[in-house]
Amino acid sequence: MSDSEDLQAIHAREDAARLLDAQRRMQGGVATHAQLTAGGFSRIDIERAVRRNELRRVHPRVYIDHTGPLTWEQRAWAAVLYAGPAVLCRGSLEAPRGRDDGRPIHVAIDHSRKVMPQPGIVVHRMRNLELKAYGGTPPRLKAEDNALAMANEARSEIDAIAQVAEVASRSYVTAASLQAALDRAHSLRRRKLIQGLVDDLATGTHSVLEHGYLTKVERPHGLPEGRRQSPRTTASGNQFRDVEYEAYGLVVELDGALGHESWRDQARDADRSLDDLARLGSVTARLRFHQVFGTPCQTAARVGEILIRNGWTGPMRDCGPSCHLRQ
């Protein structure tokens, strides 16, 4: 080998070592067996470094450069590199606030692949992953696609709505980006509900909440039929009331706005407000998603109490064996 060839080989090794060093810094000290060997480590070098506690095996063929506890970011990198190509997903999309509680790291891989399970890692298989991935550090699922995946696994409608509402609160998420994610989700439970939420976000309407109030609160519990979008003229112009029980002096206003970080806090405030209205027989009740989709029977009972105080003679009826009105 000539001197020039020797020099080229030296430079190549130096470049490989610098690349490995940059990778390890970016990955919080975590590296794969392939990255280490590409950076100049031999199998014997890796085994020696492990014996000397210069490297520690985290998962098969994944190592870290210290023997102390791993941070959340290091656990996330180790999970993504072990299952790679993979991205963070579900509840692991962002680092926990405060102290790491040690919960498993969730990663998504392409549906065509299989990965052996490892302690501390939960693997999800997804179709069209390359269209849903975002190139963060570590790489992760796009927030919109992640929200729809979590909504798909939600136990109830209100939990599915919560996932859409939470992601809609982010400044970079729009109705258009949510619609694009919905178009990429080829197998989705409650698609009609979620499509309605995205449509409402785009148009500024509350049609999902209005339909939910009719079919989950008013109709199944025997409440009188309210007048929808009742117009009234005020000093500021024409306004429309979502539902008006004119004979009993009650107006129900439905606030289906998405995109507010504290929407669950608002729901709790609305619960307390509705309790007060039921006691006082006030004339305006403001309801949110939680009251309509989360506790429809309880909401019907409170609205019914207001109507009865204002002259309605009933009767209310329960909507099924587990209805709140039976308790």
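With springs only between Cα atoms under 10 Å apart, run a GNM on the chain and tell me which of Ala133, Ala154, Ala95 wobbles the most. Of Ala133, Ala154, Ala95, the Gaussian network model singles out Ala95 as fluctuating most. Gyration tensor over the Cα atoms of segment 3-129: the corresponding equivalent ellipsoid has semi-axes (square roots of 5 times the eigenvalues, largest first) of 30, 18, 13 Å.
Dipole of segment 89-204, Cα-centred, from +1 at each Lys and Arg C-beta and -1 at each Asp and Glu C-beta, to the nearest 20 debye? Mind showing how you got there, number by number?
Details: 18 positive and 14 negative charges, 79 e Å.
The calculated dipole for segment 89-204 is roughly 380 debye.
Label-to-label distance, Asn310 versus Thr71, with points set 7 angstrom from Cα along the beta-carbon direction: 5.7 nm. Taking Cα atoms only, the orientation of helix 72-83 departs from the longest principal axis of the chain by about 70 degrees.
Using alpha carbons only, the radius of gyration of segment 145-203 set against its Kirkwood radius gives Rg/Rh = 0.91.
Charged side chains reduced to their Cβ positions (Lys and Arg at +1, Asp and Glu at -1) give the chain a dipole of some 880 debye around its Cα centre. Counting charges near Asp255 (Lys, Arg +1; Asp, Glu -1) among other residues having Cβ under 10 Å from its Cβ returns a value of 0. Working ranking of peptides 221-231, 241-251 by packing, defined as the average number of other Cβ atoms within 10 Å per residue, highest first, is 241-251, 221-231. Using a Gaussian network model of the chain in which every pair of alpha carbons under 10 angstrom is joined by a spring, one finds that among Gly256, Gly98, Gly294 the greatest mean-square fluctuation is at Gly98. When segment 3-129 is described by a simple charge dipole with +1 on each Lys and Arg Cβ and -1 on each Asp and Glu Cβ, the residue from His106, Ala16, Met26 located farthest towards its positive end is His106.
Nearest 500 deg cm²/dmol is fine: what mean residue ellipticity at 222 nm does the chain get from its DSSP H runs of n ≥ 4 alone, each adding -39,500 (n - 2.57), divided by its residue count?
It lands at -13000 deg cm²/dmol.
In the distance distribution for segment 55-203, Cα-Cα pairs more than 24 Å apart total 35 percent.
None of the figures in this text is laboratory data; all of them are computed from the coordinates on show. Quick caveat, the model's predicted, so the values are computed rather than measured. Heads up, the Cβs are rebuilt from the backbone with ideal geometry, glycines too, and the neighbour counts pull from every protein chain shown.
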